[in-house]
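Below is one structure, written out as structure tokens; the observations come after it.
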Amino acid sequence: FVQKLLDVQQYNVETTTADFDTVFCINKQYVLDFIKATQLDTYEYIERSGVRAFLVRLDKKIKDKGIVEVFRKGISHKDKKVHLFYPQPNSIYNKENAALYQANTFTVTQELVYSDDDKNKNRLDLTLFINGFPIITMELKNAYTYQAVKNAVWQYKKDRSPKDKIFHLGRCMAHFALDTSEVFMTGALARTKTKFFPFNKGLNNGA
């Protein structure tokens, strides 16, 4: 699955838990590298004025507005506008915007340890990132381990804490529970009250 993301979907790289900052819930260096690659003046200003102050501001914006809105509008940091994602341009002839879109970095982490709580070393099977921001988490099950999608749903409901930042509403776009034939998703965790919705596209055989 990961190799397909890298080879077919053209994800840039496979990252590791060591890249993940549990305080800010991001792959911090990838966030900063994206800003540096696309907005050098802004990056240098952030470096001069304090990286942590910027990350605190960014973290609050994601908490208040959600990651989708932050991607859409960016954030204001002091007198700077900081873009965190560039959408695909409408025209292929807009070379500047096309280059910015190509600068987006798509990465995947297996077995992400998402909490710095020593009592909680739970891992997520897969986490997808854009420009260092987690956007999708996944729990994967299959018949070889005698587990199905219901076991993945159970993990999210019973074995994952809604207090962990990565599961807060708006922090990620979605959380997926899946096996080889079924997929369910939710937007945030609330223990047993969590609602999972079907996200199935069929098996190309009429099912």
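Observations on the model:
- Computed over segment 123-207, the convex hull of the alpha-carbon atoms projects to a mean area of 6.2 nm².
- The packing ranking, built from the mean of other Cβ atoms within 10 Å per residue, places the peptides 147-157, 127-137, 96-106 in the order 127-137, 147-157, 96-106, highest first.
- Size descriptor for segment 15-86, Kirkwood hydrodynamic radius: 12.5 Å (Cα pairs only, one decimal).
- Restricted to Cα atoms, segment 131-177 shows a radius of gyration and a Dmax of 11.9, 35 angstrom.
- Descending semi-axes in whole angstrom, ellipsoid equivalent of the chain, from the Cα gyration tensor: 31, 21, 15
- A Cβ-based charge dipole, computed about the Cα centre of the chain with Lys and Arg at +1 and Asp and Glu at -1, lands at about 860 debye.
- Note on PHE199 and PHE106: their simple-model spin labels are 1.5 nm apart, each label 7 Å out from Cα toward Cβ.
- Label separation (SER76 vs ARG123): 4.4 nm, computed from points 7 Å beyond Cα along the C-beta direction.
- To put it simply, the accessible area of segment 90-142 at a 1.4 Å probe is 45 percent carbon and sulfur.
- Hz values of 3J(HN,Hα) by residue in segment 22-32 - Karplus curve (6.51, -1.76, 1.60), Gly and Pro given as x: 6, 5, 9, 6, 8, 7, 3, 5, 5, 4, 5
- Note that segment 48-207 presents 59 Å² accessible area per residue, ligands and nucleic acids not counted, probe 1.4 Å.
- The label-point distance for HIS168 and THR145, in a model that sets each label 7 Å from Cα toward Cβ, rounds to 2.9 nm.
- Other residues with beta-carbon under 12 Å from the beta-carbon of HIS175 carry, at +1 per Lys or Arg and -1 per Asp or Glu, a net charge of +1.
- Estimated FRET transfer efficiency when R0 is 25 angstrom, pair ALA190-THR22 (beta carbons, to 0.05): 0.75
- Stretchable slack from LYS60 to GLU47, in nm (0.36 nm times residue separation minus alpha-carbon distance): 2.8 nm
- Estimated vicinal HN-Hα couplings, Hz - segment 45-62 in sequence order (Karplus 6.51, -1.76, 1.60; Gly, Pro = x): 5, 4, 4, 5, 8, x, 5, 5, 4, 5, 5, 5, 4, 4, 4, 5, 5, 5
The values are calculated or read from the model by the stated rules, or taken from the named source; none is laboratory data. Model, not experiment: these values are computed from the prediction. So basically every Cβ, Gly included, is an ideal-geometry build from the backbone, and we count neighbours across all protein chains shown. For the accessible areas, the whole protein counts, side chains as well, though only heavy atoms, and no ligand, DNA or RNA atoms are used. Shrake-Rupley method; radii C 1.70, N 1.55, O 1.52, S 1.80 Å.
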